[in-house]
4 protein chains.
Amino acid sequence: MRLLFLGDVVGRPGRAVVAERLPALRERWSLDLVVINGENAAGGFGITEAIYEDLLAAGCDAVTLGNHSFDQREALVFIERAERLIRPVNFPKGTPGRGAALVEARNGARVLVVNVMGQVFMAPALDDPFRAVEAELAACPLGEGADAVIVDFHAEATSEKQGFGHFADGRASLVVGTHTHTPTSDHRILPGGTAYMSDAGMCGDYDSVLGMKKDEPVHRFLRKLPSGRFEPAEGEGTLSGIAVELDGRGLATRVAPVRIGGCLSEARPEFWEI
Amino acid sequence: MRLLFLGDVVGRPGRAVVAERLPALRERWSLDLVVINGENAAGGFGITEAIYEDLLAAGCDAVTLGNHSFDQREALVFIERAERLIRPVNFPKGTPGRGAALVEARNGARVLVVNVMGQVFMAPALDDPFRAVEAELAACPLGEGADAVIVDFHAEATSEKQGFGHFADGRASLVVGTHTHTPTSDHRILPGGTAYMSDAGMCGDYDSVLGMKKDEPVHRFLRKLPSGRFEPAEGEGTLSGIAVELDGRGLATRVAPVRIGGCLSEARPEFWEI
Amino acid sequence: MRLLFLGDVVGRPGRAVVAERLPALRERWSLDLVVINGENAAGGFGITEAIYEDLLAAGCDAVTLGNHSFDQREALVFIERAERLIRPVNFPKGTPGRGAALVEARNGARVLVVNVMGQVFMAPALDDPFRAVEAELAACPLGEGADAVIVDFHAEATSEKQGFGHFADGRASLVVGTHTHTPTSDHRILPGGTAYMSDAGMCGDYDSVLGMKKDEPVHRFLRKLPSGRFEPAEGEGTLSGIAVELDGRGLATRVAPVRIGGCLSEARPEFWEI
Amino acid sequence: MRLLFLGDVVGRPGRAVVAERLPALRERWSLDLVVINGENAAGGFGITEAIYEDLLAAGCDAVTLGNHSFDQREALVFIERAERLIRPVNFPKGTPGRGAALVEARNGARVLVVNVMGQVFMAPALDDPFRAVEAELAACPLGEGADAVIVDFHAEATSEKQGFGHFADGRASLVVGTHTHTPTSDHRILPGGTAYMSDAGMCGDYDSVLGMKKDEPVHRFLRKLPSGRFEPAEGEGTLSGIAVELDGRGLATRVAPVRIGGCLSEARPEFWEI
Ligand SMILES: [Fe+2]
Ligand SMILES: [Fe+2]
Ligand SMILES: [Fe+2]
Ligand SMILES: [Fe+2]
Ligand SMILES: [Fe+2]
Ligand SMILES: [Fe+2]
Ligand SMILES: [Fe+2]
Ligand SMILES: [Fe+2]
């Protein structure tokens, strides 16, 4: 079974590289499931229903979110009918939408997709992500309720992400971080069989600061005051994420980074390119 | 001119992989200068004089630090005589040691090495890193006082690191982040000619949490209380960092990640391997 | 019904002023219940069983805690048998001890005492304090299971404390903050009848930094490095807290600050002094 | 010499209580100098030129600021001509306005007024406040360049404020905190003669969260999401601050809290009321 997870889509360059590249990659790599983090898809802040549907149309099976989940206020409404839009599971009870969803892959497998937000250096302050995900894993365990489990751990600190990876090792198919908008190269299979990568990076223009035009963030670091708004950079986007192959138990057998387009060095899963 | 920068050495596995691998790599790759971040070399916390000298003996030309600079109290004393040990330049005036040093490379080039600590999510709270480095660059500009300039930007947030990279673009040979202990794969040459990588990763055992044994950090995330001390993991270490080739002006012409040994996927600068 | 709540006891000066002053005040003011925050009673860090018992012997009916609850590791054990020692209710399930207790006052009233930790600027990161306390209030409501309810909201930010005060207004007899070690003068009765004070201050030596000797904290602010340990100041302590009179429904009819001894201006509840 | 310092003016209730009360108090108490923190005067966020002038017209001699200094963008411009408007001195070089000003009191005395922002839990991250103020004190020392020195230390953490108080003790007439919008009752004269109070409180409606209507902040604590904007509360404001009497050397001889109007307990300097 073949999974592709793509990191935070940032603005138009991110949406464009997904729309242009993903359909062909689905075919070429015979992907069974594609999950993408869409929290910055709408102008860098949140997601609209139209963009959500565009991401599905481009070949995504599920869209995860993060601290920017509801920056576009319409998301508080349409998320209720968007069955494959998943916001952090540790938002308070009563928050619109869902924190986990069982999605059917192309090969018929049932894949549990969970989104969760870390606590270290993150706002808003949500409840313990470890226990929140553990409850989802208990309700729908790998190998029983789910044929595969993907956890998007949306967090700043590498310590919390790595700690969670080990905590979930053997109980998830993939634990992948998002939020820093910077891909890490620590992709690997943990001892218990869980594929892991501290951050999937972003789908966006890397000649930027986190996908946003450079001038305003640099101004703020220097002047300690805003001079204007943050706006997405406009150069060519990079598709960034992680490719994972699973065995029949839903554990990882191969893992590789994906970086296609834009100004980062290219990376493809060689084991699917042949 | 050929540079190698290696990320935070964590405990014995980090020191061991440096001692075992670096001497041969210096030869094989004809390195002109090697810089390493040593802030976690002594049991995960700080550095001792003996370890500093071991790192030099293994082939490092300069050792940078970070928030853990003085965890070993002896560093407050020996740093004064350790001419190639460099702590963050934005520590207050009067702090022992130096924040920048002009180091002679094997090829005779004068290389300015600067260490600085970010402000976002970092403790202690130091003065503005952008202006602190700018003062060093003004005092010893690339192409005038220095033939090459390396800035180790020790920080948590990718936004601050990327913002600084663009700020220094064209005025440094290499801006490389440290502190997250996780290598990023956004290594590239910025438009102005500065080699950039958000984090060099660590030299240590990656089957861990930031190089430390997993149990204690996972316990703290779950229980919100310590149960013991943090101790370095004991598995095989990975050498992690970035390789950069410079032109006669001190700007980058090639850049590649380095990951050798341990449980991460291997990466070598192909352009030097031939 | 007459309540006295006293803020964080810091070290020997804090314990001494409690031991010397409280017994007489209990008599003089005919107090029905005394609650004290003891998180810094043992050398500034945590609490021991001997100190807990001394506080009870001096006339305290319950002892609350905070982020320093378990700085003395023995507290993880003895808290299980210390029925009137109350740690933050929003520590994870499985944490030793209790987050709320029903204590019998001298007049026979049943008083629910709850301790909770805020999330803003606080470590460790605990679950939502508002919902955690709400669950306790639902299980033992004022006027039903409890004749009075005292919430010690242990937190840094005045916004969170005030927000909680309004949230609980009419459902608690007293919401009082602790943790900043500095008494506020915003004591009042909220519109719904809950007595409120953003911080009770500390029982300790105010010629200090938060009850600790001045030199080390000032050194750290200036040097950004430790030079030694934090140790409690040794001057005369001030007893600091809030006096509340309740009506038959458990709502507040009078409130006054208490500051006795040491270097702060004296304050006493005049309505009990006559 | 008689000083009055008033804390953060929040919105219309804050401006109203100043306009209504201050002119009479200036007379009644024969005040020589009045300083007020105006960072929240304009709808809770920043200050306009019209409001600045209204504050002067009401009897303020200088207006200090804080993290909200430039929330109203016009402040970046008019601050240059507003000679008695003082923003934190540790903003970067090149920031419009000034961080200290020598103001003439009614009795002819020259009073150095300094505003500075703390580093703990504060954004933006500014340079070391201790050294920034020390430079001002060195340039215009108490008893030489200045007959009195007032430092408004705008900060969250009581530790940093108290640490600074001791650091400046004997070198300032008054060190008073602002920013928490909650008055403390730790007003006193430090051993070296400096009047000190951790926070002056706000001039605003205390039936609120920090002067803002309660509903939105409580919603955010519960839901972890905004539901609307923060708006100043509209009830009666309280004038809150500290009264200080100085001797001929500019050191404090008497100190008292001031709380007049609104829902806090009243406090007046008895030594001036006779
Ligand atoms: Fe994002
Ligand atoms: Fe995010
Ligand atoms: Fe490190
Ligand atoms: Fe570090
Ligand atoms: Fe405390
Ligand atoms: Fe505390
Ligand atoms: Fe304010
Ligand atoms: Fe403020």
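Against the list (1) in contact with a strand residue (DSSP E or B) (Cβ under 9 Å, 6 or more places away or on another chain); (2) within 24 Å of residue B:84 (Cα to Cα), the condition residue B:211 fails is (2). Selection within the range B:174-186: residues that are assigned to a loop (DSSP other than H, G, I, E, B) and touching a Ser or Thr at 6+ places or on another chain (Cβ under 7 Å). The member of this set that is surrounded by the fewest Cβ atoms within 10 Å (Cβ to Cβ) is B:185.
When restricted to residues that are under 29 Å from residue A:181 (Cα atoms) and surrounded by fewer than 24 Cβ atoms within 10 Å (Cβ to Cβ), the range B:128-159 contains 8. Filtering the range C:116-149 to residues that are under 18 Å from the mean Cα position of the chain (by Cα) and in a strand (DSSP E or B) leaves C:116, C:117, C:148, C:149.
Within the range D:258-274, can one find any residue that is out of contact with any strand residue (DSSP E or B) (no Cβ under 8 Å at 6 or more places or on another chain), within 14 Å of chain A (Cβ to nearest Cβ) and surrounded by fewer than 18 Cβ atoms within 10 Å (Cβ to Cβ)? For the range D:258-274, residues out of contact with any strand residue (DSSP E or B) (no Cβ under 8 Å at 6 or more places or on another chain), within 14 Å of chain A (Cβ to nearest Cβ) and surrounded by fewer than 18 Cβ atoms within 10 Å (Cβ to Cβ): absent.
Tell me the residue from C:188, C:220 that is within 14 Å of chain B (Cβ to nearest Cβ) and either more than 16 Å from ligand 1 (Cβ to nearest atom) or hydroxyl-bearing (Ser, Thr, Tyr) (or both), please. None of the others qualify; the one that does is C:220. Tell me yes or no: at least one residue of the range B:158-169 is farther than 21 Å from residue B:245 by Cα, acidic (Asp, Glu) and within 18 Å of the chain's Cα centre (by Cα). Yes, the range B:158-169 contains at least one residue that is farther than 21 Å from residue B:245 by Cα, acidic (Asp, Glu) and within 18 Å of the chain's Cα centre (by Cα). Is at least one residue of the range A:150-161 in a helix (DSSP H, G or I), closer than 25 Å to residue A:1 by Cα, touching an Asp or Glu at 6+ places or on another chain (Cβ under 8 Å) and not hydroxyl-bearing (Ser, Thr, Tyr)? Yes: the range A:150-161 contains one or more residues that are in a helix (DSSP H, G or I), closer than 25 Å to residue A:1 by Cα, touching an Asp or Glu at 6+ places or on another chain (Cβ under 8 Å) and not hydroxyl-bearing (Ser, Thr, Tyr). If the condition is being free of Cβ contacts under 8 Å to residues at least 60 places away in the same chain, assigned to a loop (DSSP other than H, G, I, E, B) and surrounded by fewer than 18 Cβ atoms within 10 Å (Cβ to Cβ), then the range C:85-110 contributes C:92, C:93, C:94, C:96, C:108. Screening the range C:187-198 for residues that are closer than 13 Å to residue D:208 by Cα and in a loop (DSSP other than H, G, I, E, B) and picking the one that is farthest from the chain's Cα centre (by Cα) gives C:191.
For residue D:155, state whether it is within 16 Å of ligand 8 (Cβ to nearest atom), within 14 Å of chain A (Cβ to nearest Cβ) and either of a type outside the set (Phe, Trp, Tyr) or on the phi < 0 side of the Ramachandran plot (or both). Answer is no for this residue. Residues in the range D:46-61 that are over 15 Å from the mean Cα position of the chain (by Cα) and hydrophobic (A, V, I, L, M, F, W, C) were compared, and the one that is nearest to ligand 6 (Cβ to nearest atom) is D:51.
Taking the criterion of being on the phi > 0 side of the Ramachandran plot and more than 14 Å from ligand 7 (Cβ to nearest atom), the residues of the range D:25-72 that qualify are D:30, D:59. Can you pull out the residues in the range A:203-220 that are touching a Leu at 6+ places or on another chain (Cβ under 7 Å) and in a strand (DSSP E or B)? Passing the criteria: only A:203.
In this structure, does residue B:113 turn out to be in contact with a strand residue (DSSP E or B) (Cβ under 6 Å, 6 or more places away or on another chain) and either modelled with pLDDT under 95 or assigned to a helix (DSSP H, G or I) (or both)?
So residue B:113 does not fit the description; no.
On the stretch given as the range B:221-267, residues that are touching a helix residue (DSSP H, G or I) at 6+ places or on another chain (Cβ under 9 Å) and in a loop (DSSP other than H, G, I, E, B) total 14. Could we say that residue D:253 is within 20 Å of the chain's Cα centre (by Cα) and more than 9 Å from every other protein chain (Cβ to nearest Cβ) here? Judged against the criteria, residue D:253 is not a match.
Report whether or not residue D:181 is at the interface with chain C (Cβ under 10 Å from one of its Cβ atoms) and more than 26 Å from residue C:163 (Cβ to Cβ). When the stated conditions are applied, residue D:181 does not pass them. Check whether at least one residue in the range B:43-53 is among the hydrophobic types (A, V, I, L, M, F, W, C), modelled with pLDDT of 95 or more and part of a loop (DSSP other than H, G, I, E, B), and report yes or no. Yes; the residues of the range B:43-53 include at least one that is among the hydrophobic types (A, V, I, L, M, F, W, C), modelled with pLDDT of 95 or more and part of a loop (DSSP other than H, G, I, E, B).
Residues in the range B:62-78 that are crowded, with 21+ Cβ neighbours inside 10 Å and either assigned to a strand (DSSP E or B) or more than 17 Å from the chain's Cα centre (by Cα) (or both): 4 in all.
Condition check ((1) in contact (Cβ under 8 Å) with a residue 40 or more places away in the chain; (2) under 18 Å from residue B:19 (Cα atoms)) across all residues:
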position: B:189; (1), (2): yes, no
position: B:195; (1), (2): yes, no
position: B:232; (1), (2): yes, yes
position: B:250; (1), (2): yes, no
position: B:255; (1), (2): yes, no
position: B:260; (1), (2): yes, yes
position: B:270; (1), (2): no, no
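Scoring residue B:231 on the criteria (1) among the charged types (D, E, K, R); (2) surrounded by 21 or more Cβ atoms within 10 Å (Cβ to Cβ); (3) away from chain C (no Cβ under 14 Å) leaves a single failure, condition (2). On inspection, residue C:164 fails the criterion of being in contact with a His (Cβ under 9 Å, 6 or more places away or on another chain) and either away from chain B (no Cβ under 14 Å) or at pLDDT below 95 (or both).
Which one of A:46, A:7, A:59 is away from ligand 5 (no atom under 16 Å from the Cβ) and within 14 Å of chain D (Cβ to nearest Cβ)? Step through it out loud before you land on a result.
On the way: A:7 fails: within 14 Å of chain D (Cβ to nearest Cβ); A:59 fails: within 14 Å of chain D (Cβ to nearest Cβ).
Result of the check over A:46, A:7, A:59: A:46.
Considering the range A:199-216, and only residues there that are more than 14 Å from the chain's Cα centre (by Cα) and small (Gly, Ala, Ser), the residue that is nearest to the other protein chains (Cβ to nearest Cβ) turns out to be A:208.
The values are calculated or read from the model by the stated rules, or taken from the named source; none is laboratory data. All figures in this text were calculated on a predicted structure; none of them were measured in a lab. All Cβ positions, even for glycine, are placed from backbone atoms using ideal geometry, and neighbour counts span all protein chains on display.
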